[in-house]
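Remarks on the structure that follows.
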Amino acid sequence: MNPHLISAADLSRDDAVLILDTAEELASVEGRAIRKLPTLRGRTVVNLFYEDSTRTRTSFEAAAKRLSADVINFSAKGSSVAKGESLKDTALTLEAMGADAVVIRHPASGAPRRLTGWISGRVVNAGDGTHEHPTQALLDAFTMRQRLIGTGAGAGAGARAAAGAGAGADRRGRDLDGLRVTIVGDVLHSRVARSNVLLLSTLGAQVTLVAPPTLMPHAVGTWPCRAGYELDSELRKSDVVMMLRVQQERMTAAYFPTVREYRRRYGLDAGRMALLPEHAIVMHPGPMNRGVEIAADVADSARSTIVQQVANGVTVRMAVLYLMLGGMAEGAA
Amino acid sequence: MSGSSGLSEEWLIRGAAIAGADPKDIHLKDGVIAAIGDAISAPDATVLDAAGLVALPGLVDLHTHLREPGREDAETVETGTRAAALGGYTAVHAMANTEPVADTAGVVEQVWRLGEQAGYVDVRPVGAVTVGLHGKQLAELGAMADSAARVRVFSDDGFCVADPLLMRRALEYVKAFDGVIAQHAQEPRLTEGAQLNEGEMSSRLGLAGWPAAAEEAIIARDVLLAAHVDSALHVCHVSTAGSVEIIRWAKSKGWRVTAEVTPHHLLLTDDLAVDYDPRFKVNPPLRTKADIEALRAGLADGTIDCVATDHAPHPVEAKETEWAEAANGMTGLETALRVVQLAMVDTGLLDWAGVADRMSARPAAIGRVPGHGQPLAVGAPANLTLYDPAVPATPVDAAAHASKSRNTPFAGMPLPGAVVATFLRGTATVLDGKVTR
């Protein structure tokens, strides 16, 4: 496996399946009375967060602590040059503190990649600008596998043909072959969409992006997915629909005329949800704009995996830290 | 060497291929070319064996950022012109985006005098088109033209003169003193926050796109304005295939439009941004292979008049940062001719006579630079460069550069050739690839 996790493209199919399988194993720890493993005792994990993100930071923090790592939270507001210490100097400081891994969230695309040149520890990208958010994609893939693979649910995909009891054992070693995933919304600015397209296609899923043309990346035609502008026809043939958050600043920058029109054309309400096949699930990376890209009754429905995604986030991040810091020898794919 | 000062130097250059032609001896005396021929006798001259070397008229750069006054941490007139001489240049145009901005006669005269004092090349200050480069009000273009600096090229480079009416007025106004407006063609609204050529790489890297159309739209507008008021437009750092087409069309109409391309846009693509190393961040951004091919073809057929470096030095800390935070720009004076050899000569697109035209004659004509860009002929000022194209490609060593800054995109990249000597009015500024003082 790559020493760092910067992009979902850093992961081979086998790497990704190994992470999902490891997470599956770690999930069983959740059931125990003592939920801590000693694996990373004596290791230091730094959470370097340049953006407010309570959910991602606490998820990584919980993951590291459950593996008994020492956790340092280092939050720095704003970006480097304008506001004091440069990213490089911060990196050198963390290096001097003996950080074994740095989990970085940064508003600038590519900041984690730059960091790898300045420190010797492992770097985990926890979201960089409009580039990538690979652990989000991993937890999304984990959730999809949990809900749709080895359960007998779904249609078409050969990998899911053999119905099982839904136990984790049936899912181990399996990818997302044939799963049809539709990602809807602001793809242009979405690090979640970028990482998901790369990871899900590596895992064999068929990804379709749906967005207004203004929010589709210029060169989306070179990505390993399909892309379209019309939602309803895609919903009918989706095993998964993933709604992306519409950022407040897009609503005023002429990407679409009004929030009302966006909701009408690209929002997921109960009526649209009814177009989905019976087994299909609804995902959202959060935080949601209820009433914009997703209606409240959809978000709270039984199809929604939103809370499950959050829980799986801790498990998947445990697996990533475990494989990158603790289990490298047996983890090397 | 003998004769270390001014006009007292006398040189006999043996066997140089003038613009690639058959080897000749060149006798430099009293600041001019005294003789050209076979087996010239000049008993008092220092002899320089130039067998295998190409002699070019001293190179002229239309687009150099010398950073002084204001950013002497990045470059000074002294260090920047030393770098220029080492690159084979005898004249450079110093861009106006200094601190303070070169928008008054006082500042352009200061820069011009600093160039005189340094003495490596002739420094031709470029005047700002608008006060403070703010794009609101015309600077005192006439005062700069009449000053000791004799400014003829005006540019807000770094910023586009985006207001179409102001651009029209500027083009009209400089006709009174045979000036030219050098436009940084970048539609500002289409490039808000832009970081990288809009295409496959920007989409993948999550960097805000800089669309080719934002350059082409301004060029299209400006050639129409230049035609309408019958004035001279020069387009800075053309970077897209579409821009080349528009300029070719404008020239076919007989309009007074000229254009430059940078060495980096002739060689490097946006793929280099893959690791977010800001050494490859520049404005306009690196484009695609198809753009490079169009730019090379445009330079070869003369649609693009000249190569200009856009030498843009920055201190280390301006590049050791996140991509979005990093400064735009690359150094280029010391590598330009080698890049042109690789991209244009070794590919068969341009011969050495063509290089002399695109890197000396045409930029000198566009900048109205007296005494430069003339063919190497008896009686012409002895501004010339000796270049060895046979030196095998060696990786560029940024640490060895005379520029104060190290932000060359070519560091570690093998480039062929070497500048051996540069003469400014008969005085050697560079010998054996080293500055003479």
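Some observations on this one:
- When we screen A:GLY173, A:GLY204, A:GLY178, A:GLY228 for residues that are within 17 Å of the chain's Cα centre (by Cα), away from chain B (no Cβ under 14 Å) and surrounded by fewer than 21 Cβ atoms within 10 Å (Cβ to Cβ), the only hit is A:GLY204.
- The residues on offer are B:PRO188, B:PRO164, and the sole one that is surrounded by fewer than 18 Cβ atoms within 10 Å (Cβ to Cβ), modelled with pLDDT of 95 or more, within 30 Å of A:MET216 (Cβ to Cβ) and more than 14 Å from every other protein chain (Cβ to nearest Cβ) is B:PRO188.
- Complete set of residues in segment B:334-349 that are buried (at least 23 other Cβ atoms within 10 Å of the Cβ) and assigned to a loop (DSSP other than H, G, I, E, B): B:GLU334, B:THR335
- Residue tally, condition over 27 Å from B:PRO416 (Cβ atoms) and of a type in the set (Lys, Arg), over segment B:5-59: 1
- Matching option when the condition is assigned to a helix (DSSP H, G or I), among the charged types (D, E, K, R) and within 14 Å of chain A (Cβ to nearest Cβ), among B:ARG204, B:ARG221, B:ARG169: B:ARG204
- Verdict on B:ALA214 being in a helix (DSSP H, G or I), under 21 Å from A:LEU188 (Cα atoms) and within 14 Å of chain A (Cβ to nearest Cβ): yes
- Scanning segment B:129-149 for residues that are polar (S, T, N, Q) and surrounded by 17 or more Cβ atoms within 10 Å (Cβ to Cβ), we see that the one that is nearest to B:ALA96 (Cα to Cα) is B:THR130.
- Test result for A:SER238, under 14 Å from A:ARG180 (Cα atoms) and surrounded by fewer than 21 Cβ atoms within 10 Å (Cβ to Cβ): no
- Within segment B:350-396, the only residue that satisfies the criterion of being in a loop (DSSP other than H, G, I, E, B) and of a type in the set (Lys, Arg) is B:ARG368.
- Screening segment A:83-169 for helices (runs of 4 or more DSSP H) wholly inside it with 2 or more residues that are modelled with pLDDT under 95 and either more than 11 Å from chain B (Cβ to nearest Cβ) or surrounded by fewer than 22 Cβ atoms within 10 Å (Cβ to Cβ) (or both) returns the ranges A:87-96.
Per-residue answers, yes or no, for (1) touching a residue at least 60 places away in the same chain (Cβ under 8 Å); (2) part of a loop (DSSP other than H, G, I, E, B); (3) surrounded by fewer than 18 Cβ atoms within 10 Å (Cβ to Cβ):
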position: A:PRO3; (1), (2), (3): yes, yes, yes
position: A:ALA16; (1), (2), (3): yes, no, no
position: A:ALA23; (1), (2), (3): yes, no, no
position: A:LYS36; (1), (2), (3): no, yes, yes
position: A:THR39; (1), (2), (3): yes, yes, yes
position: A:PHE60; (1), (2), (3): yes, no, no
position: A:ALA63; (1), (2), (3): yes, no, no
position: A:SER68; (1), (2), (3): no, yes, yes
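- Checked against (1) closer than 29 Å to A:ARG113 by Cα; (2) buried (at least 24 other Cβ atoms within 10 Å of the Cβ); (3) free of Cβ contacts under 8 Å to residues at least 60 places away in the same chain, B:LEU207 meets all criteria but (3).
- Per the listing B:ALA324, B:ALA377, B:ALA353, the residue uniquely within 14 Å of chain A (Cβ to nearest Cβ) and either of a type in the set (Gly, Ala, Ser) or under 16 Å from the mean Cα position of the chain (by Cα) (or both) is B:ALA324.
- Residue, farthest from the other protein chains (Cβ to nearest Cβ), within segment A:207-223, restricted to residues that are surrounded by fewer than 21 Cβ atoms within 10 Å (Cβ to Cβ) and small (Gly, Ala, Ser): A:GLY221
- Test for A:ARG260: is it of a type in the set (Lys, Arg), modelled with pLDDT of 95 or more and out of contact with any Pro (no Cβ under 8 Å at 6 or more places or on another chain): no
- For B:ALA399: the one exception among (1) assigned to a loop (DSSP other than H, G, I, E, B); (2) surrounded by fewer than 19 Cβ atoms within 10 Å (Cβ to Cβ): (1)
- Number of residues in segment B:246-267 that are over 17 Å from the mean Cα position of the chain (by Cα) and either in a loop (DSSP other than H, G, I, E, B) or touching a residue at least 40 places away in the same chain (Cβ under 8 Å) (or both): the value is 7.
The values are calculated or read from the model by the stated rules, or taken from the named source; none is laboratory data. Fair warning: this is a prediction, and the values are worked out from it, not measured in the lab. Here the Cβ is made from the backbone with ideal geometry for all residues, glycine too, and neighbour counts use every protein chain on show.
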